[in-house]
Amino acid sequence: MATLTIHGTPLSTYARTCRMACREKGVAYELDPVMPQSDEQKAMQPWGSVPAMTHGDVRMYESLAICNYIDHAFDGPPLQPADPLANARCWQWTSVFIQYLYRPAIDIVLQRLIVPAQGGEPDEALVESSVPKSDKALVALDGALEGNACFAGGEASIADYMVLPVLHYLKMTPEGETLLAPRANIARWQAAIDERESAVATVPEFG
Ligand SMILES: N[C@@H](CCC(=O)N[C@@H](CS)C(=O)NCC(=O)O)C(=O)O
């Protein structure tokens, strides 16, 4: 069987999602730690973003598609529920994450963790405008976890592997700490998902 390779720096949240999906499915994979906007990545992903995936003749980009491919092309535990409503919840919260949380949360992370590390001045206006946007999404995600262990209900799914990597970084920023402090359902969920082997094995070495 051909080796599945995830192309993307281990610091990438979306690459981490795909690697968590591999580990949850029990699929052996190699990590090609390519950086965004490198010539190598641009040859695999027209926008130069990470990750991409190769598996034999299959070349693919977009983390959702990669996660679905991993789920359907291999035997192993399902990465999404079979029950129609639970399945729809998996995609509802994944979609909310991508559409409403990823950008503002990552902007806070970039301005607070990456820009200063590179000797730059954070864009305070961007941080300020990203806080209420992140908060709105976090309120919705926290509500989704009311009475649920995970976003799709009782079992972990792709939705959880999508959200976790960004919250890992967000929590490292002062704004993230403040935003997450009142979100008790997210705190409980994050503590549980953080303990999964797929999360432990993919924690980014940052800072
Ligand atoms: N829609 C893409 C988004 C990928 C994405 O935004 N990746 C980030 C890293 S987590 C990235 O490469 N950012 C830098 C860039 O796009 O230049 C996917 O789901 O794979």
For the stretch 111-134, which positions are among the hydrophobic types (A, V, I, L, M, F, W, C) and out of contact with any helix residue (DSSP H, G or I) (no Cβ under 6 Å at 6 or more places or on another chain)?
113, 114, 115, 117, 125
Does the stretch 25-69 hold any residues that are part of a strand (DSSP E or B), within 13 Å of the ligand (Cβ to nearest atom) and aromatic (Phe, Trp, Tyr), and which are they?
61
Would the stretch 101-109 turn up any residue that is part of a helix (DSSP H, G or I), among the small types (Gly, Ala, Ser), within 12 Å of the ligand (Cβ to nearest atom) and closer than 19 Å to residue 166 by Cα?
yes
Report the residue count in the stretch 151-207 for those that are under 20 Å from residue 126 (Cβ atoms) and either part of a helix (DSSP H, G or I) or in contact with a Ser or Thr (Cβ under 7 Å, 6 or more places away or on another chain) (or both).
11
Within the bounds of the stretch 86-97, is there any residue that is part of a loop (DSSP other than H, G, I, E, B) and among the hydroxyl-bearing types (Ser, Thr, Tyr)?
no
Considering only residues that are under 30 Å from residue 81 (Cα atoms) and polar (S, T, N, Q), which ones fall in the stretch 25-46?
45
So, first residue surrounded by 14 or more Cβ atoms within 10 Å (Cβ to Cβ) in the stretch 111-127, second residue in a loop (DSSP other than H, G, I, E, B) and among the acidic types (Asp, Glu), Cβ within less than 6 Å, six or more apart or across chains; the pairs are 111/123
Between a first residue in the stretch 9-28 that is within 21 Å of residue 109 (Cα to Cα) and in contact (Cβ under 8 Å) with a residue 12 or more places away in the chain and a second residue that is of a type in the set (A, V, I, L, M) and part of a helix (DSSP H, G or I), which pairs have beta carbons less than 6 Å apart while being 6 or more apart in sequence or on different chains?
13/166; 17/162; 18/66
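None of the figures in this text is laboratory data; all of them are computed from the coordinates on show. Every value quoted in this text rests on a predicted model; they were computed, and no experiment measured them. We place every Cβ from the backbone using ideal geometry, glycine too, and count neighbours over all the protein chains shown.
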